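Novice: Structure in structure tokens, see below.
Every number in this text was worked out from the coordinates using simple rules, so none of it is lab data. Treat the numbers as computed from the prediction; the structure is a model and nothing was measured. As a convention, Cβ positions derive from the backbone with ideal geometry for all residues, glycine included, and neighbour counts pool all protein chains shown.
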Amino acid sequence: MRGYHGRLLAVDLDRGTVEPVSLSEGYLRQYVGGSGLAARLYLDHIKEGTLRPDPLGGDNPFFVMTGPLTGTGVPAASRFTVAARSPLTGLWGEANVGGFFGPALKGAGYDGIVVTGKSPRPVYLVVEGGRASLEDAGELWGKDAYETDDLLRQRHGGQSLVIGPAGENLVSFAAVVHGKGHIAGRTGMGAVMGAKGLKAIVAKGSDLPQPADPVGLRALVRDMVSRMRENLGVQTFRAVGTLVGMDVGLHIGDVPIKNWSVGAWPGLEDLGSGPYSEQILVGQRSCHACPVACKRVVSAQYGGYRVERAHGPEYETCASFGSLLLIDDLQALACINDLANRLGMDTISCGATLAFALEAKERGLLPEMEGDWGDAAAVIELLRDIAMRRGIGDRLARGSRALSREIPGSEEFLTTVKGLEAPMHDARALHGMALAYATSVRGACHMSGLAYNVESGVAYLPEIGLGEEYDQRSAEGKARMVALSQDLGMVFGGSAVFCQLGAAGFDSGDLAAALHCVTGRQWSAEALLQAGERIWHLKRGLGNLYGLTAEDDRLPERLLRPLEDGPAAGSVPDLDRMLAEFYAIRSLGADGRATREKLAELNLEDLAELLYGGEE
Amino acid sequence: MGVFKDAAELYECIGGLFRRGAEHPEMGPKIRASKLIIKFQYTNPEAQLTIDAKNPPPEGMYFNVIEGENDLQADVTMSMEADVAHKFWFGKLNLVMALNRGMMRAKGPIAAILKLLPSIKPAYELYPQYLREIGKEDKIMG
């Protein structure tokens, strides 16, 4: 099929070998690419190897996967996925990220990479011009992600994917870092790389697959870029980046404050796009072939820490280290963000874990916790302690769920779903997000589908039945909305791999047109939704295989407790109603598994066999 | 018919809210600090309100509120149906959706518009209070 190389690079770190393997055309048709294809290939691997691998073991295959649109010039489609079983949740883990690595990997002659085994000594992988080699990473081990990126760029040029000390030291929420600021943060994929002794991957090349219809593709790209320039939502991302989330969020009560315990805080206004522009912003950057340039470039100083023209904190980080910890100093937040990126940690899980620990300390349950609410200097020290696994940092490094299990009575203020710390959007303001968090395939996540975009009003998808104005404080219609948003999102943001911000103005028609120009295959909206449904059930089924049941499709008590103040005061989503409707739509049984019939309908008979075995 | 029977009623309700905002100790200084001229163009009924935070305001107010057409050069122009504006000032409009679907159109620097959002938060409580005071309880949204 056009648009693909049709091959994956298989790296075996036990044997120190690298070799190309062919990708089945049937899989490309059914799973498209990105995280969908990674999940399918992951299932094949574990069926032939260890069904329930230790997330930090050699038998947990780690995938880096591009999509068919990567590197084609289609705007807002530079992203790629990293995926494996998560050390943080124990379930299917994935994170995607933009920048320039995806096009470089594709240009190096591969659609993706699968890494198995564990290297006896630190190594890094170089992929260039269809060839690949493993190199000694002894000199790189211990260096932060930005230093590593600089050194590899000097040695090889090209684009790098690296881990920092947090990944090396197996911090459960360690991130994978590209280009000194593009972070694949969620679910701890940096620790998976660290456990394998894989410090980095360098990709270089320009051998991109030919699209099926180059003339049509050029015309489509021109049209898409033109519409992006007219789309107010997309232009807002261009103007202020993801900080629009703070500006709008404080109006509707979407921004969590003080470990999700209060609904109002004067400091919130100091974290909006206005103060950000005035105090720390010095420029903006884009990903490959994206006219939005939503990435912020900042300079800042806090205490002895200086940031010079570096990637600035996104909305999620301004909330997770800002409002969640009551820090309203943007200079400090820019420094905290820079340090977290260099150490290689997910800022959402890290900030949420610190917030949880501070509340535990406040209640007298964790007296050894350092710092206090609003104490940015303590956060900077704690980040280093977490990455190096020192003192209290060693306990924090395992994430808030693991810490909570050591502290009786702390479940009341834990904010994880399935072990993943909730992102910075409050389901008490947007009720559909309660269901989206509860049923996301990787734990609490606002990016595992398009539900956040649809419910917030960023996306408008009438062609798949999502054109109405949803009452954000109601359960009405939300089960259907979340399921359809997941189905399209699995292909749109998961497999294709479109950016959910830059491509927020695009719909299933744009996705189908882009896939057609690149691969030559026609897609209807129905076919896209069915592919998405298949992928959702596949990832969900992997979770079931690792012990996920209906009991896990819940929000923690803290996220459902009504707030006493703020725009979302008194509002609580009716999760039970939404879940009941969702289970019926998804053909999920009372135990949380999809029915055999549903899995067979989606060509997932092998998954059904694993989940049901000899059961009648 | 929409919420307002004519421009005069719109000026009384939304214009009145703006004038209250111009006297408000929290909202007023923040909008004044923006130094912006913002024009609101309404349809059904046709009307225009202007917030002028650039030129000196009258005594006791932080900015000017002007009803009807004028020659001021706007930094930001917001266009919408009067009913959409009414819903917005109750805090009941999904602003992101309204902007993305063209129910509310904005002309001018997006960053400047977003910067004003935190300033107008008190208006959501002020609007129903004000309508009640002027005997327009029937216009209060539940």
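Novice: Using alpha carbon centroids, what distance separates the range A:324-393 and the range B:32-83, in Å?
Specialist: 45 Å
Novice: Related question: Among the listed pairs A:Lys196/A:Lys418; A:Lys180/A:Lys418; B:Lys5/B:Lys87, which have their C-alpha atoms separated by more than 22 angstrom in this model?
Specialist: In this structure, A:Lys196/A:Lys418; A:Lys180/A:Lys418 lie more than 22 Å apart at Cα.
Novice: While we're looking at this one, here's another question. What trypsin sites (Lys or Arg not before Pro) does the range A:8-102 have in DSSP loop regions with at most 15 other beta carbons within 10 Å? Walk me through the numbers on the way to the answer.
Specialist: On the way: sites: A:Arg15, A:Arg29, A:Arg40, A:Lys47, A:Arg79, A:Arg85; in loops: A:Arg15, A:Arg79.
Taking the range A:8-102 and a limit of 15 other Cβ atoms within 10 Å, the loop trypsin sites (Lys or Arg not before Pro) found are A:Arg15.
Novice: Using the Cα centre of the range A:482-616 as the reference point, and only Cβ charges (+1 on K/R, -1 on D/E), how large is the resulting charge dipole? Debye, rounded to the nearest 20. Spell out each step's value before the answer.
Specialist: Details: 12 positive and 22 negative charges, 74 e Å.
In debye, rounded to 20, the range A:482-616 gives about 360.
Novice: Only Cα pairs within less than 10 Å get springs; with that Gaussian network setup on chain B, which residue of B:Val76, B:Val65, B:Val96 has the largest fluctuation?
Specialist: Checking each option, the largest mean-square fluctuation is seen for B:Val96.
Novice: So what J values fall out for the range A:100-108 if you push phi through Karplus, 6.51 cos²θ - 1.76 cosθ + 1.60 with θ = phi - 60°, rounded to Hz, Gly and Pro as x?
Specialist: 10, 5, x, x, 5, 5, 5, x, 7
Novice: Right, another one. Sort out for me the Cα centre separation of the range A:63-122 from the range A:445-494, rounded to whole Å.
Specialist: Between the Cα centres of the range A:63-122 and the range A:445-494 lies a distance of 25 Å.
Novice: Compute the Rg to Rh ratio over the range B:7-131 from the alpha carbon atoms, using the Kirkwood formula for Rh, and round to two decimal places.
Specialist: On the way: Rg = 13.3 Å, Rh = 14.5 Å.
Ratio of gyration radius to Kirkwood radius: 0.92.
Novice: Let me ask something else. Through the Karplus equation 6.51 cos²θ - 1.76 cosθ + 1.60, θ set to phi - 60°, convert the phi angles of the range A:408-422 into ³J(HN,Hα) values in whole Hz; use x for Gly and Pro.
Specialist: x, x, 8, 4, 4, 10, 7, 10, 9, 10, 6, x, 9, 4, 5
Novice: Treating the beta-carbon of each Lys and Arg as +1 and of each Asp and Glu as -1, no other charges, what is the dipole magnitude of the range B:7-131 about its Cα centre, to the nearest 20 debye? Each step should come with its number before you reach the end.
Specialist: Values: 14 positive and 14 negative charges, 128 e Å.
Its charge dipole is roughly 620 debye.
Novice: About the Cα centre, and with charges only on the beta carbon of Lys, Arg (+1) and Asp, Glu (-1), how big is the dipole of chain A? Nearest 20 debye, please.
Specialist: On the way: 60 positive and 77 negative charges, 332 e Å.
About 1600 debye.
Novice: Moving on. Mean residue ellipticity at 222 nm from the helices of chain B, using -39,500 (n - 2.57) per DSSP H segment of n ≥ 4 over the full residue count, to the nearest 500 deg cm²/dmol? Walk me through the numbers before you get to the answer.
Specialist: Numbers: 7 runs with 51 residues, N = 142.
It comes out at -9000 deg cm²/dmol, rounded to the nearest 500.
Novice: Rank these for me by crowding, A:Ser78, A:Ser277, going from fewest to most other beta carbons within 10 Å.
Specialist: Working: A:Ser78 30, A:Ser277 19.
The fewest-first ordering by Cβ neighbours comes to A:Ser277, A:Ser78.
Novice: Can you give me the pair-distance distribution of the range A:256-390, C-alpha pairs, 10 Å bins, whole percents?
Specialist: P(r) over the range A:256-390, rounded to whole percents: 13, 44, 32, 10, 1, 0.
Novice: Can you sort A:Asp223, A:Asp111 so the residue with the fewest Cβ neighbours within 10 Å comes first?
Specialist: Values: A:Asp223 12, A:Asp111 26.
Fewest-to-most ranking of A:Asp223, A:Asp111: A:Asp223, A:Asp111.
Novice: Which value does Rg/Rh take for the protein assembly as shown over its C-alpha atoms, Rh per Kirkwood? Can you show the working numbers first?
Specialist: Details: Rg = 25.8 Å, Rh = 26.5 Å.
Rg divided by Rh gives 0.97.
Novice: Further, regarding this structure: Per residue of the range A:163-174, in order, report the coupling 6.51 cos²θ - 1.76 cosθ + 1.60 (Karplus, θ = phi - 60°) as ³J(HN,Hα) in whole Hz, putting x for Gly and Pro.
Specialist: Values per residue, Gly and Pro as x: 10, x, x, 4, x, 4, 8, 6, 4, 4, 10, 5 Hz.
Novice: Below 19 Å, Cα to Cα, which lysines can A:Lys598 reach? Residues fewer than 8 away in the same chain don't count.
Specialist: Partners within reach: A:Lys539.
Novice: May I ask which residue of A:Leu152, A:Ala239, A:Tyr31 lies farthest towards the positive end of the charge dipole of chain A, with charges of +1 (Lys, Arg) and -1 (Asp, Glu) on Cβ and the Cα centre as origin?
Specialist: Looking along the dipole axis, the top candidate is A:Leu152.
Novice: While we're here: Have a look at A:Gly351, A:Ala300, A:Val74 and report the one farthest towards the positive end of the charge dipole of the protein assembly as shown, computed about the Cα centre with Cβ charges (Lys/Arg +1, Asp/Glu -1).
Specialist: Sorting the options by dipole projection puts first A:Val74.
Novice: Shifting gears a bit: Where does chain A land at 222 nm, in deg cm²/dmol rounded to the nearest 500, when only DSSP H runs of n ≥ 4 count, each adding -39500 (n - 2.57), divided by all residues?
Specialist: The per-residue figure over chain A is -11000 deg cm²/dmol.
Novice: Same structure, new question: Have a look at A:Gln530, A:Thr549, A:Ala569 and report the one farthest towards the positive end of the charge dipole of the range A:510-616, computed about the Cα centre with Cβ charges (Lys/Arg +1, Asp/Glu -1).
Specialist: A:Gln530
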